[in-house]
Amino acid sequence: MTNASNPFRGRVAPSPTGFLHIAVARAALYNWLSARKLGGQFILRIEDTDRARYVEGSLDNIKSGLRWLGLDWDEGPDVGGPYGPYVQSERLPIYHEYIQKLLASGHAYETYYSKEELDAIREEVGEADPVTFNRRIQSMPEEEKARRRAAGVKPAVLFKMPEDGETVVYDEIRGEIRFPNKSLRDPVLLKSDGFPTYHFAAMVDDGLMKITDVLRGVEWLPSLPLHVQVIQALGWETPRFYHLSLFLDPSGKGKMSKRKGSNEYPIFVHQLREMGYLPEALLNWIALMGWAEASGDREVYTIPELIQAFDLGRVRAAPAAVDYDKAEWLNGVHIRMLAPDDLARRLVPFMQAAGFDVTAEGIAPMVPLIQERIANLTEAVDLLDFFFVTPPAPDPAELTPKKLTPAEVVSELLAARETLAGLEPFDAASIEAALRGMAQARGIKPGDLFTILRVALSSKRVAPPLFGAIACLGRTTTLARIDRALGILQPA
RNA sequence: GGCGCAUUCGUCUAGAGGCCCAGGACACGGCCCUCUCAAGGCCGAGACACGGGUUCGAAUCCCGUAUGCGCUACCA
């Protein structure tokens, strides 16, 4: 179609009005995946034409979120490219140039009505009759226009929609869709402040930037006929359009709040990142909301596998409810796929945030103990803390398994102390063998012995596997904590 | 109100006329494994929104209804 020489040129075009939302991340991902698979380009463009909604810090949040996810852009802010600038507020002269063309060709016209007047006319005419509305504003007498111009009123430029017939558009996900032209109101292309609206800026930029495939939210589907009219008026070829469905809240009923993520329903990439999700897991999860392979039976993908398998032609039209359970599961799967020292590195920031001054090398020995026990990075803290700091004193009740008396526990602790004190080598396998031998010799259930030791060493009922933990703790600390437990059970 | 989109287990989905009395996954329940917790294995329960057509035959095609959602801004 457009630009046959380019296999794929896609773009994600967020507005700097908030944080990076997972819906934008999904659009970026689908674009990026297609570009990487087809050998095309993924472009980042900033649509900052609404000065009133600009939010400080938003741009950084979006860019850093995309980078963290690994969705690097080939053209855009910071990296440049042949069709820049990639920030719309820096492209004003370009829009004005094309507005002049549309004005000259009669596809667009200036209006001197204020927004308030337009609102009033709209209300008077009624929502259901765009044609009458269009005619009304197109028919301001020239004298009136001149009068307002003289008074300093800046015009807005509107696009002149056809009154008859229908515009037939094609959405790659849904197929052909027909819109009666009389149902569309003339849209504003250029605001009186000289800034273009999305309807105009996005079409001009997509055309100039040689975009072949436009991925955007379904909320744009109703404006598609308008957009193809604008593109045709500009004399350009129409790119392929894919309108991505909405995300629904986990109940599957309401739509996800667009602008604010709660702790219950996090929807911003930085929130998920702070919660301990891996970028590759997040991408895997997001990719699956609205897309699946023909077989439909694969859920776990590495990034290279995703690039391989992804196909824009298989994106679904129905909205998808966000499933945090699945995100958690997928994250666990990806955590388990990590090389242990890679996991150790990723854990460091979370341990440090919890107040543990550790290094990747420092926690590396413990990582294999917890790797299959955590579904997100933050969970590691509770499993590892007792290795780095003496835990609060264990509860005597938890130290004493059912059917055992404190005196018996003391006796087992003493025996274990003796077993461990001279054990060589002090590694997990030897420790296990020694402790099991001891349990058998003394006639205590292994499970009871291990429970006693687990609580004595970690002060927890749930902790990493005992033998490996003892090895990591080291002989000195292990014996010290056994002594402490002893002291608790038999006060001097 | 107008215009448009969507509708398969609770959720994400496979299914593009017979392969489907509908397959996979998460979650859920049970069992197994087991030093706790996990991970893993096995088993189970669970869906084609409704009504008409078309067809020898429909989850798949058509129409209608219902429900949900979007747009209807000089916001994107």
Subset of the range A:312-333 (residues that are among the basic types (Lys, Arg) and not in a loop (DSSP other than H, G, I, E, B)):
A:314, A:326
For the range A:345-374, give me each residue that is loosely packed, with under 15 Cβ neighbours inside 10 Å, charged (D, E, K, R) and away from RNA strand B (no atom under 15 Å from the Cβ).
A:357, A:361
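Considering A:278, A:226, A:234, A:244, which residue is more than 13 Å from the chain's Cα centre (by Cα), within 21 Å of residue A:32 (Cβ to Cβ), modelled with pLDDT of 95 or more and not β-branched (Val, Ile, Thr)?
Numbers: A:278 fails: more than 13 Å from the chain's Cα centre (by Cα); A:226 fails: within 21 Å of residue A:32 (Cβ to Cβ); A:234 fails: within 21 Å of residue A:32 (Cβ to Cβ).
A:244 is the lone residue from the list that is more than 13 Å from the chain's Cα centre (by Cα), within 21 Å of residue A:32 (Cβ to Cβ), modelled with pLDDT of 95 or more and not β-branched (Val, Ile, Thr).
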Among the residues of the range A:192-210, is any near RNA strand B (Cβ under 9 Å from one of its atoms), touching a residue at least 12 places away in the same chain (Cβ under 8 Å) and farther than 22 Å from residue A:45 by Cβ?
yes
So, of the residues in the range A:143-184 that are out of contact with any Ser or Thr (no Cβ under 9 Å at 6 or more places or on another chain) and among the basic types (Lys, Arg), which turns out to be farthest from residue A:116 (Cα to Cα)?
A:174
Just to be sure before I move on: is residue A:381 within 11 Å of RNA strand B (Cβ to nearest atom) and either assigned to a loop (DSSP other than H, G, I, E, B) or at pLDDT 95 or above (or both) in the structure I sent?
no
Taking the range A:297-321 and keeping only residues that are of a type outside the set (Lys, Arg), surrounded by fewer than 20 Cβ atoms within 10 Å (Cβ to Cβ) and without any contact (Cβ under 8 Å) to a residue 60 or more places away in the chain, one is left with A:297, A:299, A:300, A:302, A:304, A:305, A:309, A:311
Is the range A:69-77 home to any residue that is touching a strand residue (DSSP E or B) at 6+ places or on another chain (Cβ under 7 Å), of a type in the set (A, V, I, L, M, F, W, C) and closer than 30 Å to residue A:158 by Cα?
no
Checked against (1) touching a residue at least 40 places away in the same chain (Cβ under 8 Å); (2) surrounded by fewer than 19 Cβ atoms within 10 Å (Cβ to Cβ), residue A:18 satisfies every condition except (2)
Residue count, the range A:292-321 (criterion: within 19 Å of residue A:269 (Cβ to Cβ) and more than 7 Å from RNA strand B (Cβ to nearest atom)):
3
Residues satisfying the stated conditions in the range A:100-114, i.e. free of Cβ contacts under 8 Å to residues at least 12 places away in the same chain and either within 13 Å of RNA strand B (Cβ to nearest atom) or more than 40 Å from the chain's Cα centre (by Cα) (or both):
A:104
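Within the range A:100-123, how many residues are touching a Phe, Trp or Tyr at 6+ places or on another chain (Cβ under 8 Å) and either in a helix (DSSP H, G or I) or of a type in the set (A, V, I, L, M, F, W, C) (or both)? Before the answer, list the steps.
Narrowing the range A:100-123 to residues touching a Phe, Trp or Tyr at 6+ places or on another chain (Cβ under 8 Å): A:102-103, A:107-108, A:121-122.
Okay, now just the ones that are also either in a helix (DSSP H, G or I) or of a type in the set (A, V, I, L, M, F, W, C) (or both), so A:102-103, A:108, A:121-122.
Here the count works out to 5.
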Out of everything in the range A:149-160 that is more than 10 Å from RNA strand B (Cβ to nearest atom) and surrounded by 13 or more Cβ atoms within 10 Å (Cβ to Cβ), what residue ends up being farthest from residue A:185 (Cα to Cα)?
A:149
Let me spell it out: the conditions are (1) within 11 Å of RNA strand B (Cβ to nearest atom); (2) aromatic (Phe, Trp, Tyr); (3) in a loop (DSSP other than H, G, I, E, B), and residue A:285 meets all of them except one. Which number is the exception?
(3)
Quick check, is residue A:251 of a type in the set (Ser, Thr, Tyr), surrounded by fewer than 18 Cβ atoms within 10 Å (Cβ to Cβ), away from RNA strand B (no atom under 14 Å from the Cβ) and at pLDDT below 95?
no
Exactly one condition in (1) of a type outside the set (Val, Ile, Thr); (2) closer than 22 Å to residue A:215 by Cα; (3) in contact (Cβ under 8 Å) with a residue 40 or more places away in the chain is not met by residue A:175; state its number.
(3)
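With the condition kept exactly as written, say whether any residue in the range A:82-99 is in a loop (DSSP other than H, G, I, E, B), touching a residue at least 40 places away in the same chain (Cβ under 8 Å), of a type in the set (Gly, Ala, Ser) and more than 10 Å from RNA strand B (Cβ to nearest atom). Quick ask: steps written out before the conclusion?
Looking only at the range A:82-99, we keep the residues that are in a loop (DSSP other than H, G, I, E, B), and these are A:82-86, A:91.
Next, from what is left, pick out any that are touching a residue at least 40 places away in the same chain (Cβ under 8 Å): A:83, A:86, A:91.
Still in the list and also of a type in the set (Gly, Ala, Ser): none.
Within the range A:82-99, none of the residues are in a loop (DSSP other than H, G, I, E, B), touching a residue at least 40 places away in the same chain (Cβ under 8 Å), of a type in the set (Gly, Ala, Ser) and more than 10 Å from RNA strand B (Cβ to nearest atom).
State yes or no: is residue A:294 outside any helix (DSSP H, G or I) and touching a residue at least 60 places away in the same chain (Cβ under 8 Å)?
On the way: outside any helix (DSSP H, G or I): yes; touching a residue at least 60 places away in the same chain (Cβ under 8 Å): no.
For residue A:294, the condition - outside any helix (DSSP H, G or I) and touching a residue at least 60 places away in the same chain (Cβ under 8 Å) - is not met.
Within the range A:161-186, can you find the residues that are part of a loop (DSSP other than H, G, I, E, B) and more than 7 Å from RNA strand B (Cβ to nearest atom)? Break it down into steps so the answer makes sense when it comes.
Looking only at the range A:161-186, we keep the residues that are part of a loop (DSSP other than H, G, I, E, B), and these are A:161-165, A:172-174, A:184-186.
Residues satisfying the conditions are A:161, A:162, A:163, A:164, A:165, A:172, A:173, A:184, A:186.
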Could we say that residue A:437 is within 8 Å of RNA strand B (Cβ to nearest atom), out of contact with any Cys (no Cβ under 7 Å at 6 or more places or on another chain) and of a type in the set (Gly, Ala, Ser) here?
no
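Which one of A:67, A:26 is out of contact with any helix residue (DSSP H, G or I) (no Cβ under 9 Å at 6 or more places or on another chain) and in a helix (DSSP H, G or I)?
Numbers: A:26 fails: out of contact with any helix residue (DSSP H, G or I) (no Cβ under 9 Å at 6 or more places or on another chain).
The match here is A:67.
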Give me the pairs: first residue in the range A:218-245 and of a type in the set (Ser, Thr, Tyr), second residue crowded, with 19+ Cβ neighbours inside 10 Å and assigned to a helix (DSSP H, G or I), beta-carbon distance under 6 Å, and six or more apart or on different chains, which are they?
A:238/A:228
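The values are calculated or read from the model by the stated rules, or taken from the named source; none is laboratory data. Predicted model only: the values in this text are computed from it and were never measured. Note that each Cβ is placed from the backbone with ideal geometry, even for glycine, and that neighbours are counted across all protein chains shown.
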